[in-house]
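Worksheet: one structure, shown below.
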Amino acid sequence: MAVSDLLKKTARTVVTASADISVQEAIGLMEKEKVGVLIVLHDDRPVGLFSIHDCFQLILDNKPELFGGIALSEAMTSRLITARPGEEADTIRDMMLRADIRYLPVIDDGRLSGVVHIQDLMQEQIQILEDELRRLRDYIDDLHEAARD
């Protein structure tokens with residue numbers, strides 16, 4: 001399955017924010033939109049992401065400043081790993097697991113087209129395995145029935 005198909009299937013809300021807003025504003029936006037990640041944009045292009053993990057990292061770093069005084073560009077994850085819509089979900093899932101990331105922006109021609117969550121990929125894999133298991137059970141049942149005839 002291509003990432004573009006997965007994006008259509010999951011239809012997750014993608015919330016973006018300017019790199020110029022404060023961490024306090026970013027956290028407020030995440031809470032308002034009920035999302036765990038913001039894709040950070042500069043000139044309408046993705047330049048990073050800011051997740052709940054980044055909030056925790058700020059606390060762990062013992063930064064005494066109020067979040068309102070910290071620019072999102074200082075707190076975001078700037079090592080932006082992305083996917084293209086045509087990439088296969090299996091490839092993306094394996095890459096996300098190796099990189100230990102939960103969110104993956106999907107970029108089409110330099111523009112953000114969605115965000116894949118590792119949970120989406122894992123649920124898709126579970127569905128594929130359940131379908132395969134169901135087919136195997138049906139096959140075994142057919143064999144047993146044919147043996148009775």
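Values in this text are rule-based calculations from the coordinates and carry no lab data. These numbers were taken from a predicted model, which means no experiment stands behind them. Virtual Cβ from ideal backbone geometry, glycine too; neighbours counted across all protein chains shown.
Here are some notes:
- Looking only at region 110-131, residues that are under 22 Å from R45 (Cβ atoms) and either among the charged types (D, E, K, R) or without any contact (Cβ under 8 Å) to a residue 40 or more places away in the chain (or both) come to 1 in all.
- Counted residues, region 1-22 - those being within 30 Å of E74 (Cα to Cα) and part of a loop (DSSP other than H, G, I, E, B): 8
- In summary, I39 fulfils each of the numbered conditions (1) part of a helix (DSSP H, G or I); (2) crowded, with 17+ Cβ neighbours inside 10 Å with the single exception of condition (1).
- Qualifying residues in region 94-109 (those that are touching a residue at least 12 places away in the same chain (Cβ under 8 Å) and farther than 19 Å from T13 by Cα) - the one surrounded by the most Cβ atoms within 10 Å (Cβ to Cβ): M96
- Region 106-137: number of residues that are more than 16 Å from G36 (Cα to Cα) and either small (G, A, S) or in a helix (DSSP H, G or I) (or both): 19
- Search result, residues across region 20-36 that are surrounded by 18 or more Cβ atoms within 10 Å (Cβ to Cβ) and either closer than 18 Å to Y103 by Cα or free of Cβ contacts under 8 Å to residues at least 12 places away in the same chain (or both): A26, I27, M30, V35
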